[in-house]
Structures are given as structure tokens and as C-alpha cells.
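Trainee: First the structure, then my questions, so here it is.
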Amino acid sequence: MPREVHLVAHGLRSRENVGALFRMADAFGVAKLWLSGYTPAPPDEKIHKTALGAETWVPFACFLSIDEVFAALGREGIPCFALERIPGTRSIKECPPLPRLALLLGTETTGIPPSLLERCAGTLQIPQVGRKESLNVAMAAAVATWELRRAEL
């Protein structure tokens, strides 16, 4: 049975990153994109241009508050893990073998605030060897989603 992966994009500013998330979600079979805060949402010309139309068939939901997202995930029994590079975080390769999970994505500039990290079931990171300590949010989501789904792809 394939692992069901959801992505939570809270407080992203870039419409191009949101479009890239839709395109990647289609490619790797993401169950749903959860957009919250000031994250731009379809319909939007720049999202459409980057997503190449994937925003018309990839399931998504929009919420003003991240509290609403956590509540909805909780009602559906979907644990949410933060995708963030902080000391003591385990590799995405060591993610628990759960049938369903969501990844909370950090913002382009500041990552995930401690108040949201505390609400997650855990924190996962993408191992890196370069000097730069982060990836573009859409690229990080793609790498993490591929790792979580690679046994089925």
C-alpha cells in the first residue's frame, strides 16, 4: 500500500514556489497540499505558469490559520512532521514507517518557528554535505517527498 504524503505550506511568499509544489505534488503523488497563512493559492497566473496546470487536479485546501490545518490533520488522523534542519533532528531516511503523514514546510527566509515545531509529531531533515544549510522550499519538498515515496515509485 503506498504511503500517503501531505504537504503543509504555511506562510510562503513566492507564487513560483507554490506552483513548483503543485507540479512536484503531481509528479510524486502527494495526497494533498494544505496552504495556510499568506501562502498564495490558485487561481493565480504565476502559480499556473509554474505548475503547468497541475493546480487544476492536485487536491489542495486553503486555510487562513495554521491552527485550522493542525485541527483538520488531527481529525483525519494524519501526524505532521516538520521538515527543518535543527540540531538533533533525524534524517528523512529514518522517518517512522507510517502509512500517512504530513510535512510542514518552512518559509523561504526564516524556516519553521519554534511554536510550530512544538506542535509537530517530530522533525525530519534532509542530509546535506555542502556549505549552504538549506534548500529552496520547493526543492526540499521534492527531495523529502521522493525519499518518503521512493519504495513505491
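Trainee: Taking the condition surrounded by 14 or more Cβ atoms within 10 Å (Cβ to Cβ), modelled with pLDDT of 95 or more and within 19 Å of Ala41 (Cα to Cα), does Cys62 pass? Even if it seems obvious, please write down each step before you answer.
Mentor: Working: surrounded by 14 or more Cβ atoms within 10 Å (Cβ to Cβ): yes; modelled with pLDDT of 95 or more: yes; within 19 Å of Ala41 (Cα to Cα): yes.
Taking the combined requirement at face value, the residue satisfies it.
Trainee: Condition check: of a type outside the set (A, V, I, L, M) and under 20 Å from Arg15 (Cβ atoms). Does Glu45 satisfy that?
Mentor: Judged against the criteria, Glu45 is a match.
Trainee: Could you check the stretch 1-56 and list, in sequence order, the residues that are crowded, with 23+ Cβ neighbours inside 10 Å and either of a type in the set (Phe, Trp, Tyr) or at pLDDT below 95 (or both)?
Mentor: Across the stretch 1-56, the qualifying residues are Phe22, Trp34.
Trainee: In addition: Can you tell me which residue is nearest to Pro99 (Cα to Cα) among those in the stretch 140-153 that are free of Cβ contacts under 8 Å to residues at least 60 places away in the same chain and not in a loop (DSSP other than H, G, I, E, B)?
Mentor: In this case the residue turns out to be Glu147.
Trainee: Between a first residue in the stretch 121-136 that is closer than 19 Å to Met24 by Cβ and a second residue that is basic (Lys, Arg) and open to solvent by 60 Å² or more (accessible area, probe 1.4 Å), which pairs have beta carbons less than 6 Å apart while being 6 or more apart in sequence or on different chains?
Mentor: If the second residue must be basic (Lys, Arg) and open to solvent by 60 Å² or more (accessible area, probe 1.4 Å), the pairs left are Gln125/Arg85.
Trainee: Moving to a separate point now. For the list (1) without any contact (Cβ under 8 Å) to a residue 12 or more places away in the chain; (2) of a type outside the set (Ser, Thr, Tyr); (3) in contact with a Pro (Cβ under 8 Å, 6 or more places away or on another chain), I need the number of the one condition that Glu45 fails.
Mentor: All conditions pass for Glu45, except number (3).
Trainee: Give me the pairs: first residue in the stretch 1-12 and in a loop (DSSP other than H, G, I, E, B), second residue among the basic types (Lys, Arg) and open to solvent by 40 Å² or more (accessible area, probe 1.4 Å), beta-carbon distance under 9 Å, and six or more apart or on different chains, which are they?
Mentor: Cβ pairs passing all conditions: Arg3/Arg100.
Trainee: Give the residue that is farthest from His6 (Cα to Cα), with candidates limited to residues of the stretch 65-75 that are touching a residue at least 40 places away in the same chain (Cβ under 8 Å) and open to solvent by less than 30 Å² (accessible area, probe 1.4 Å). Steps first, answer last, please.
Mentor: If we filter the stretch 65-75 for residues that are touching a residue at least 40 places away in the same chain (Cβ under 8 Å), which is where we start, we get 66, 69-70, 73.
Right, trim to open to solvent by less than 30 Å² (accessible area, probe 1.4 Å) and you get 66, 69, 73.
On the way: Ile66: 14, Val69: 11, Leu73: 9 Å.
That would be Ile66.
The values are calculated or read from the model by the stated rules, or taken from the named source; none is laboratory data. This is a predicted model, so every value here is computed, not measured. Cβ: placed from backbone, ideal geometry, glycine included. Neighbour counts: every protein chain shown. What goes into the accessible areas is simple: the full protein's heavy atoms, side chains included, and nothing from ligands, DNA or RNA. Shrake-Rupley method; radii C 1.70, N 1.55, O 1.52, S 1.80 Å.
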